[in-house]
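Some notes on the structure that comes next.
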Amino acid sequence: PHLRTFRDEFQTCKVEGAWPLIDNRFLSVQVTNVPVVLGSSATATSKITVIFKSYLGCSDQKVYQATTDDLPLAFQDGTRSGGESGSLSVSERGGSGVGRQVRIQARYIGTSIIIRRVGSYLTFAIRMPEDTLDFSEDGGGLQLCLHGCPRNELIKEHTVSRQSQRPRLQGANTEPGPLRPPHQAYTVERATAKCRETLQVEDVYFQSCVFDLLTTGDPEFSMAAYGALEDLKALPPSKLKQNPPRTPPNPSR
Amino acid sequence: CRIQRCNSNYVASTSPASGLQEDASVDVDYCIALRAYALCVKRQARSCRGDLVYHSAVFPIKELFFKHNCSSDGPTSFAKAPSTPRPAASELCNYENRVLMSGSAAQQKKYAHCGLFGD
């Protein structure tokens, strides 16, 4: 799958099997990725498990799990919220968005999560306060969201090429090779045109869309990048909103 | 002299059961509890003069401010009602409220984004 890390790095990784996205004192997120096309190293996410660790005075431990067959609107214990004054809750996210979406809000740790089902795979997006992440932690703890993909799992880092108008994947094979499925349904031109229907700016999300169509030949995949961009807009990296400081009325005025 | 009430409120609001995270990176709630305690003890000065419990309570407060890096000015949400055991759960269980209550530190707080999609 394509990964945007907390440090705003963009990568495409293999990471087949179960991998931790996040694992800190507040929550753990693990994904299971499966091959998309026989013979290709491209994988996509078929299961996401989120464990909210107990936070005294606010919430007990809660587990949420989604698979490509089931995107529940509740935690595994059947509840839809937890803790004091609903500081942890699961809700359906409506709107014109792509595929069915579930939103999980953990207010006590300032964290929001969106999980979507796009076609037969899942996408994940999270926004967390930087001071709940342990950036200083060494690469020992495997956390794809924090450290990106392990080198040997990396398919390629995405950079927008300056020379050509057409998006290129750095180091991508231009001839038919392992990245192209046996039944190639898309040429670069057709994939580019298809992705341009939903993504007008040729950025890394656009590149990811083209990559997905070239490697899977599955038109549903063109919506995964679009959905991920929608989630980025819904959960933007940003400064904490400051309420305007209340200035005491000036007695002289 | 009601120094014992100050002590019990302070213990209640800073015990693990109160929801304060010992290792939380944002221990603004602890500083609120400590400021409320200092205010409560200060108010007992006249009526507790000569009371050993009172003087043993006054002594470590300065040390605690220094140890926990708490500023002596700032919200003491217990101040209005010393009997209030701890900040309301809705405040404690809302990261943004906690951070905004911490005043100066809020400016630096930022959110980070991670996404996983496609193939």
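The values are calculated or read from the model by the stated rules, or taken from the named source; none is laboratory data. Nothing here was measured: the structure is a model prediction, and the numbers come from that model. Because the Cβ atoms are built from the backbone with ideal geometry, glycine has one as well, and the counts that use them run over all protein chains shown.
Here are some notes:
- Across region A:1-17, the qualifying residues are those that are assigned to a strand (DSSP E or B) and more than 9 Å from the chain's Cα centre (by Cα), and the one among them that is farthest from A:V210 (Cα to Cα) is A:G17.
- The set of residues in region A:115-134 that are more than 8 Å from chain B (Cβ to nearest Cβ), under 19 Å from A:P20 (Cβ atoms) and touching a helix residue (DSSP H, G or I) at 6+ places or on another chain (Cβ under 7 Å) is empty.
- Cross-chain or 6+ apart pairs with Cβ under 8 Å, region B:94-119 first and within 24 Å of A:L21 (Cα to Cα), then at pLDDT below 90 and aromatic (F, W, Y): B:G118/A:F221; B:D119/A:F221
- Test: residue in region A:75-83 that is over 19 Å from A:R4 (Cα atoms) and among the hydroxyl-bearing types (S, T, Y): yes
- Residues considered: A:D60, A:D69. Of these, the only one that is of a type in the set (D, E), within 20 Å of A:S120 (Cβ to Cβ) and at pLDDT below 95 is A:D69.
- In the set (1) crowded, with 16+ Cβ neighbours inside 10 Å; (2) out of contact with any Lys or Arg (no Cβ under 7 Å at 6 or more places or on another chain); (3) within 14 Å of another protein chain (Cβ to nearest Cβ), the condition left unmet by A:S85 is number (1).
- A:F75 meets all of the listed conditions (1) without any contact (Cβ under 8 Å) to a residue 24 or more places away in the chain; (2) touching a helix residue (DSSP H, G or I) at 6+ places or on another chain (Cβ under 7 Å); (3) crowded, with 17+ Cβ neighbours inside 10 Å but one, namely (2).
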